[in-house]
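Only the coordinates and a few stated rules stand behind these numbers; no lab work does. None of these values were measured; they are calculated from a predicted model. Note: ideal-geometry Cβ built from the backbone for every residue, glycine included; neighbour counts use all protein chains shown.
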């Protein structure tokens, strides 16, 4: 590969469903950058070894997706503030022989939420977050900064939810609730966020009842494949305002692209249309 070609990629297990290659390659073409962004299928046992090899092959960095975000945090020698607070890294940057870690999920979720549901969506009342993985960590921080008065964290493995809540301590208004106890968790809620991969194509269904969710609550699903998940369809049928996962994907990618390629890209309707077409192909 020519030294003039800049490389980056997305690391996951699996990654065949990722839209990141289509998105970043769209930007590379748009800004006339000689580069490529490729999928990197890496299983957890090989994560550290493979990441160490990437800069030797000319990679400027990589996106990190399920299930590697917490492993990426441990591997990073330098971390930005959001990564340090959340304990999760979704972007690696290779510079001067060192591995830097960033968390762009925080700003990506915040930007998408503001654009889709308004700047008061998080502060209107209690927020319910499903999940306790790397994405949930970034979302909890974004919600806290946006003024969420209470965050009710629910995960199928209760211990992981409690560990996430404990990691934020008094800096975030996080409480845990039991998976399936929807009546208690949803009481008075104004926002529900699915931060799990449940409902994604190839994953288990998200089996959840919206019957006790207040009618004024908005519903967010960070899953973007399919574009309209079963959760979002059910929410729309009940008259709830909704937000899908494609906006967060695009907004979290922009600062990563800037770190690798030196250009801050725009999130445009044309990009969204291309990604939607790719999903519907």
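Within the chain, all pairs of alpha-carbon atoms sorted by distance into 10 Å bins from zero give the percentages 7, 30, 36, 21, 6, 1.
Peptides 56-64, 28-36, ordered by how many other C-beta atoms sit within 10 Å of their residues on average, highest first, read 56-64, 28-36.
Per residue, the chain reaches -11000 deg cm²/dmol at 222 nm when only DSSP H runs of four or more residues are counted, each adding -39500 (n - 2.57).
Comparing 134, 244, 125 in a Gaussian network model of the chain where C-alpha atoms under 10 Å apart are linked, the largest mean-square fluctuation is found at 125.
Using the average count of surrounding beta-carbon atoms within 10 Å as a protection proxy, the listed peptides 230-240, 137-147 rank, highest first, as 137-147, 230-240. For the chain, the longest principal axis of the Cα atoms and the long axis of helix 20-30 meet at an angle of about 60 degrees. Our note on the geometry: Cα centres of segment 97-117 and segment 233-281, 12 Å apart. Distance between the 7 Å Cα→Cβ label points at residue 175 and residue 160: 2.3 nm.
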